[in-house]
Amino acid sequence: MMVPSPQELQDHGVFRALMWALARPGEPQPLVGGLEAVGRALLDLETRFHTPDPALQRAFLRLGAQAAAPAQADYLFLGTLDEAALEAVAQAPTGSLLYPEGGATIALVGRTGYGPLLRLRGPGIHEEVLVQLGLPPVLWSLRAQRVAFPLGWDLLVLEPAPPGWLVRAIPRSVTLEVV
């Protein structure tokens, strides 16, 4: 019987945290590791990714994943949202009515308690969740233009929370209102 390595155990833990975050939108889930750990849990030989971070790109290429332009990426790992990152979000795939699963997953770094107050409603949420994620209002305007379930992209917002991280998800199925 094979015993999982410490790295495999960490990757499984990250994947579970991501699944819980997607199942319970807006609620924080503890996460060991940041964007690189999320990439290790999600990327494989058949996935395409985009990141402006050279260190992340090298790490993801070692996994066998393929680097791609934002418009062709399955996953975008953008870190903080500067002008170039917002342009990448604007280009992120939203899928098609025939293949809605073609929408991208976008991982960003935010900071709870800052930025516009968001009201989340939808699957996995009892009534509503109110949260501030420290991301600029232009992101939510972009989401309003590009996300119309089942089309759109899923958002993973990571936040440093020593000794680890927290992750919150906003899937495309969630209705988001800037309060």
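The values are calculated or read from the model by the stated rules, or taken from the named source; none is laboratory data. Keep in mind it's a predicted model, so treat the numbers as computed, not measured. Reconstructed Cβ throughout: ideal geometry from the backbone, glycine too, with neighbour counts over all protein chains shown.
Scanning the range 62-76 for residues that are closer than 18 Å to G95 by Cα and either of a type outside the set (A, V, I, L, M, F, W, C) or touching a residue at least 24 places away in the same chain (Cβ under 8 Å) (or both) yields P70, Q72, A73, D74, Y75, L76. Among the residues of the range 46-81, those that are out of contact with any strand residue (DSSP E or B) (no Cβ under 8 Å at 6 or more places or on another chain) and surrounded by fewer than 17 Cβ atoms within 10 Å (Cβ to Cβ) comprise E46, P54, A55, R58, R62, L63, G64, A71.
Can you tell me which residue within the range 159-179, out of those that are within 15 Å of the chain's Cα centre (by Cα) and over 17 Å from L120 (Cβ atoms), is surrounded by the most Cβ atoms within 10 Å (Cβ to Cβ)? Only one residue fits best here, namely W165.
Which one of these is buried (at least 19 other Cβ atoms within 10 Å of the Cβ), touching a residue at least 40 places away in the same chain (Cβ under 8 Å) and more than 26 Å from L43 (Cβ to Cβ): V138, V131? Going through V138, V131 in turn, just one is buried (at least 19 other Cβ atoms within 10 Å of the Cβ), touching a residue at least 40 places away in the same chain (Cβ under 8 Å) and more than 26 Å from L43 (Cβ to Cβ): V131. Of all the criteria given as (1) over 16 Å from P171 (Cα atoms); (2) under 14 Å from the mean Cα position of the chain (by Cα), the one not satisfied by L18 is (1).
Against the list (1) under 17 Å from W153 (Cβ atoms); (2) at pLDDT 95 or above; (3) part of a loop (DSSP other than H, G, I, E, B); (4) under 17 Å from the mean Cα position of the chain (by Cα), the condition S96 fails is (4). Checking the stated criteria, T47 turns out not to satisfy the condition of being in contact (Cβ under 8 Å) with a residue 40 or more places away in the chain and either under 19 Å from L18 (Cα atoms) or under 15 Å from the mean Cα position of the chain (by Cα) (or both). Where helices (runs of 4 or more DSSP H) fall wholly inside the range 1-64, the ranges with 1 or more residues that are of a type in the set (F, W, Y) and within 30 Å of R121 (Cα to Cα) are 6-23. There is at least one residue in the range 2-18 that is touching a residue at least 60 places away in the same chain (Cβ under 8 Å) and not hydroxyl-bearing (S, T, Y).
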